[in-house]
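Laboratory data are not the source of any read-out in this text; all were calculated from the coordinates shown. Here the structure is a predicted model, which is why all the values come from computation and not from measurement. Quick reminder, even Gly has a Cβ in these numbers, built from the backbone with ideal geometry, and neighbours come from all protein chains shown.
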Amino acid sequence: MSFCSFLGGEVFKDHFQPGIYVCAKCGHELFSSRAKYEHSSPWPAFTETLRGDSVAKREERPGALKVTCGKCGNGLGHEFLNDGPRRGQSRF
């Protein structure tokens, strides 16, 4: 599946079927549907990655980390610290 599809909207924003979200480029497992939640952003929102090696992160600015696939480096967007549905949770 493709994250952050800028052409015609993101097809997985309102998709809540059980399953695993994978990198569009290499198929690496990224997020579980159990960590997905509704959010006002135009893209799917998750509270956590599937595993510790699912993504790689680097600080882009205070409170926001740039997130890439942990296997191939494909850009996935950001992790916003303390912006999840509960206090202290992140939003991917």
Requested in this report: Would you please give the FRET efficiency between residue 40 and residue 89, computed as 1/(1 + (r/R0)^6) with r the Cβ-Cβ distance and R0 = 22 Å, to the nearest 0.05?
Outcome: 0.90
Query - Relative contact order computed over region 20-91 (Cα-Cα under 8 Å; 6+ residues apart), in percent - result: 23
